[in-house]
1. Can you find even one residue in region 86-99 that is assigned to a helix (DSSP H, G or I), small (Gly, Ala, Ser), in contact (Cβ under 8 Å) with a residue 40 or more places away in the chain and touching a helix residue (DSSP H, G or I) at 6+ places or on another chain (Cβ under 9 Å)?
2. Let me spell it out: the conditions are (1) closer than 26 Å to residue 42 by Cβ; (2) in contact with an Asp or Glu (Cβ under 8 Å, 6 or more places away or on another chain); (3) modelled with pLDDT of 90 or more, and residue 131 meets all of them except one. Which number is the exception?
3. With 9, 64, 52, 33 as the choices, which residue is open to solvent by less than 20 Å² (accessible area, probe 1.4 Å) and part of a helix (DSSP H, G or I)?
4. If you go through region 105-128 one residue at a time, do you hit one that is buried (at least 18 other Cβ atoms within 10 Å of the Cβ), in a loop (DSSP other than H, G, I, E, B) and acidic (Asp, Glu)?
5. Test residue 79 against the stated conditions and say whether it is within 22 Å of residue 1 (Cβ to Cβ) and either open to solvent by 60 Å² or more (accessible area, probe 1.4 Å) or without any contact (Cβ under 8 Å) to a residue 40 or more places away in the chain (or both).
6. Within region 53-78, can you find the residues that are over 21 Å from residue 238 (Cβ atoms) and modelled with pLDDT of 95 or more?
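The values are calculated or read from the model by the stated rules, or taken from the named source; none is laboratory data. Keep in mind that this is a model prediction, so the values were computed, not measured. Cβ placement follows ideal geometry from the backbone for every residue including glycine, while neighbour counts extend to all protein chains displayed. Just so you know, the surface numbers come from the protein's heavy atoms only, side chains and all, with ligands and any DNA or RNA stripped out. Shrake-Rupley method; radii C 1.70, N 1.55, O 1.52, S 1.80 Å.
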Amino acid sequence: MQLYLIRHAETVHNVGKVLAGTTDSALTSHGMAQINCLAQYFVSNSIKFTTAFSSDLSRARITAEGVCHAQVSPGETQLQPILTHTLREKDYGSMEGRSWKDSPPSPRPRDWVIPESNESMRKRAKAFFDEHLLPLIKRDPHGGQNVAIVSHGIILRELWTYFVEISNPADTSMATLHRKPVWSNTGYMTILIIPNLTERTMLPTVMTGFEFVVLSIDDKKHLANLYRTRGGVGTAAHDVKQRKIDQFFR
């Protein structure tokens, strides 16, 4: 199995440098162009997904739908991404909508909601793995499946950290520099999961007998020739009324 951990395309909150964890931030026009470049790159490199998972927030869902739409051949049914709240970004609580550089007010208001903890995000990462990925691996451990996981930067890092925790270091090609990877908008990490020939036992929460091989980190070759439209158009929210998504990805 080959996993592609993909971050969503650029949003207006990304451009504005404000926190938007669970806020349904709109994609920019440049973000839509990023999705098109990513989708076409996968097609031109014969990377066809057998399964796609996505956060249920629109910025991730639209990114996943764009990738899936581009892969439809004549007579085929379009692959639909499986949406799940477990892949949502970190909930910043009362910090939602504030600048990345802002600090919580002191004293804090009585109704102040603290941001989601790393422990909570790790539980969500585990729930996603146990419910969605583990059954795929168990059903076809030797298969050549390509699986897309479209989500958000921080929760993707928590998912990756969970992979590190459940794998056997002796069976895993993971250097120290992989422990805190980053994702650009539409950047992706590629992970190959293959059975170990000497041990094939797999427990619900521990991946023994399988090797994780990191093939790429924050891969963004697809953006090499993409330039932002000037005049503020590129950074503005994409107007869905102006152009339908199926027309954009035609």
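1. no
2. Condition (2) is where residue 131 drops out.
3. 64
4. yes
5. Against the criterion (within 22 Å of residue 1 (Cβ to Cβ) and either open to solvent by 60 Å² or more (accessible area, probe 1.4 Å) or without any contact (Cβ under 8 Å) to a residue 40 or more places away in the chain (or both)), residue 79 qualifies.
6. 53
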